[in-house]
């Protein structure tokens, strides 16, 4: 896969989106590209793990609740594989108490749908900066 | 005697002849030497007959004492030719004179030899005629002439000498032979005595030999015994009647740490018995010697012994009295049983561990020898069955403890096991004498081949576990009940969740749209796409809200004639992917020619969807069997229609059936749970009934039954009564 060039010509950082919701997979990558990133979308954690983006992804935008391997399972799996990819969780759940726990476990951010584009951008900056 | 010259030459010849005869006669003894009397006589008689031209000569010998006299008669040739009496008769005739002795012999005998007289000359033989008489006879009248008498005398003399000599010789011979005989006899006797002596000697030698053999035997057995004692692994110690050591074998030397020569002669008590026990030993020994009462003889006893270094250790001991006459002595066989004692302790400990472990885990073990029905139980198993430890365990006895309802199953398993030796796994109930029920699990497998089939198994009392499991599931159901009850806030969250998805899409797409349009140059195509998606998502959101409102809002229900099969198929279509994702196997059994019902199609579909989702959720943890979901429609009586949804899930307690229909809420993230309470409301407004039944196997069947044409509902065109759910909104 050829990384698309940024306006300034440099290679764009790759972001991977993992969500079983189709609308998220449709809409989010476009927004990310508008931000200036390269973006790939996966319908399941398993699909992401078996892809070639594993080593290139600069940040993972990850749904929590998915059939099969959940977002938390994927986080654990990446830890086991020593893949240190910053994770931004997104969730349609309204349970606000999950956020502190997720941050404790190493997530960069946990955003609740619907989230604003600015909230997302802030989280991404934090993620890429850390990396 | 007068010698006339005219007769001189005749005389001289005659005298010459006489002297010659004399010389011959004198030479006779030389001839007779070594001969016997008869030989003497015969030669003499021959000589006389010839010399004297006798007509008859006879001799009678008186034999030695005991022997018969010998009588010989010799006749001249001439005389023999004449008829005359036999010799015997002549002897007879002469015998009378013989008897009388020689003095009484007449000079003439008449008719001795037939007619005529005969001149006889008797000549005594021997000094005194003791030998016998010789009689010479002739018919000549001038017999005997002087010379003839002289010759006869000399002959008689010589005969006497010869006879004497012969007799002497024969006597000598006789004596010699007697002597010989005696010698022979003596020799024989000596030989016999010698033989006897030899025999005796041989016998003695035999006896000695036997004795020597016995000695050898004794020696041999001594050597054997020594070998046994010396090489024995056990300590062998022999003591005399005073209790002093007389034997101390190498094993004893090794065990106790003394050399044999160090201990022989010492009191046993002082050597191998610990100081604290010495008095008791001495007393016992003394008592035995006094009373014959033996406490330790002939049986195995255990006691403590002491080594040379003072260390005490346990021994096993057997003492026997040595069966000889005289004062008693004893042999003791000792064995150091330190190791064995330790092993026994270890065994007891591990047995105690096992018993304790069984007790803690409430597991008892057993063995069952199939051929003999011999059953062995561990202590814990007696406890589980609440049976006396001393009870003889039989299948009959076991049967008295098994719950009557489980007894036949138990027996079947026992019979099957008897046949095929297969592994056993069985859960059943026990009933104690006081009525208490126990739940037990049994596992067993076989050990040994078919000739000696033996089951080894364990039984666990799971009553507590079961009751805790029951308590747990009760708690869980209570918890979920509690969760159900606090439904409103979570219901709201769920609704919000459903709405948030499309909303999020809207927000994202809208943001994207703006950025795309703000780009230089503007990305109009991209913006258009995002706008399209926004509208779509917005529609989705309103649909969700519309659905919600349909259930909880004040919306006008649509009454129409509904084909329940059709409605069901639509719901199936909607939820198929979701069900497949959850590995649910859907089996529709929709009746042909199902009568139509009158009601709100959408609401009925919501109920069906709810039931499907609940069934699916109930099976979400089932992994050991297929997640079968059966949905069935059928006529119910003449005027009703029934729909059932059957799962093989975790089910619920019969007592909890009603609680299910209380304000129930699913906490699942997917989809919209409208709750069984709402479903029931919908059905009841259709004048129907919604209920749940546990299945025979696993899982639950939810069913609703609604009339085809409910009274008061009217037909589709003329809705008379509206189904208003608003009042039921939880």
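The values are calculated or read from the model by the stated rules, or taken from the named source; none is laboratory data. Treat the numbers as computed from the prediction; the structure is a model and nothing was measured. Ideal geometry is used to build each Cβ from the backbone, glycine not excepted, and the neighbour counts take in all protein chains shown.
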| Just checking, which of B:568, B:534, B:508 is at the interface with chain A (Cβ under 8 Å from one of its Cβ atoms) and either at pLDDT 85 or above or surrounded by fewer than 18 Cβ atoms within 10 Å (Cβ to Cβ) (or both)? | B:508
| request: All but one of (1) part of a helix (DSSP H, G or I); (2) at pLDDT 75 or above hold for residue B:144, so report the exception by its number. | output: (1)
| Looking at residue B:346, is it modelled with pLDDT under 90 and in a helix (DSSP H, G or I)? | no
| task | Looking only at the stretch B:179-192, decide whether some residue is surrounded by 12 or more Cβ atoms within 10 Å (Cβ to Cβ) and within 30 Å of residue B:125 (Cα to Cα). | result | yes
| query | Going by the conditions given, is residue A:60 free of Cβ contacts under 8 Å to residues at least 60 places away in the same chain and more than 19 Å from residue A:20 (Cα to Cα)? | reply | no
| message | If residue A:18 satisfies all but one of (1) within 13 Å of chain B (Cβ to nearest Cβ); (2) in contact (Cβ under 8 Å) with a residue 24 or more places away in the chain; (3) more than 30 Å from residue B:520 (Cβ to Cβ), what's the number of the condition it fails? | response | (1)
| task | Being away from chain B (no Cβ under 14 Å) and part of a loop (DSSP other than H, G, I, E, B) is the filter here, so list the residues in the stretch A:74-100 that pass it. | result | A:81, A:82, A:83, A:84, A:85, A:86
| query | Which of (1) more than 14 Å from chain B (Cβ to nearest Cβ); (2) buried (at least 21 other Cβ atoms within 10 Å of the Cβ); (3) outside any loop (DSSP other than H, G, I, E, B) does residue A:107 not meet, given it meets every other one? | reply | (3)
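Listed here are the residues, each with its yes/no results for (1) surrounded by 17 or more Cβ atoms within 10 Å (Cβ to Cβ); (2) more than 10 Å from chain B (Cβ to nearest Cβ); (3) in a helix (DSSP H, G or I); (4) on the phi > 0 side of the Ramachandran plot.
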| position | (1), (2), (3), (4) |
| --- | --- |
| A:27 | yes, no, yes, no |
| A:32 | yes, no, yes, no |
| A:41 | yes, yes, no, no |
| A:54 | no, yes, no, no |
| A:62 | yes, yes, no, no |
| A:72 | yes, yes, yes, no |
| A:102 | yes, yes, yes, no |
| A:111 | yes, no, no, no |
| query | Can you find even one residue in the stretch B:578-601 that is within 17 Å of residue B:546 (Cβ to Cβ) and surrounded by 15 or more Cβ atoms within 10 Å (Cβ to Cβ)? | reply | yes
| query | Has the stretch A:67-78 got at least one residue that is in contact with a helix residue (DSSP H, G or I) (Cβ under 8 Å, 6 or more places away or on another chain) and in contact (Cβ under 8 Å) with a residue 60 or more places away in the chain? | reply | no
| said: If I filter the stretch B:680-697 for residues that are more than 17 Å from residue B:639 (Cα to Cα), part of a helix (DSSP H, G or I) and either at pLDDT 90 or above or touching a strand residue (DSSP E or B) at 6+ places or on another chain (Cβ under 8 Å) (or both), do I get at least one hit? | reply: yes
| field | In the stretch B:363-392, the residues that are without any contact (Cβ under 8 Å) to a residue 24 or more places away in the chain and either closer than 19 Å to residue B:448 by Cβ or surrounded by 13 or more Cβ atoms within 10 Å (Cβ to Cβ) (or both) | value | B:372, B:373, B:374, B:375, B:376, B:377, B:382, B:387
| said: Quick check on the stretch B:577-593. Is at least one of its residues farther than 26 Å from residue A:20 by Cα, touching a residue at least 40 places away in the same chain (Cβ under 8 Å) and either within 14 Å of another protein chain (Cβ to nearest Cβ) or out of contact with any strand residue (DSSP E or B) (no Cβ under 8 Å at 6 or more places or on another chain) (or both)? | reply: no
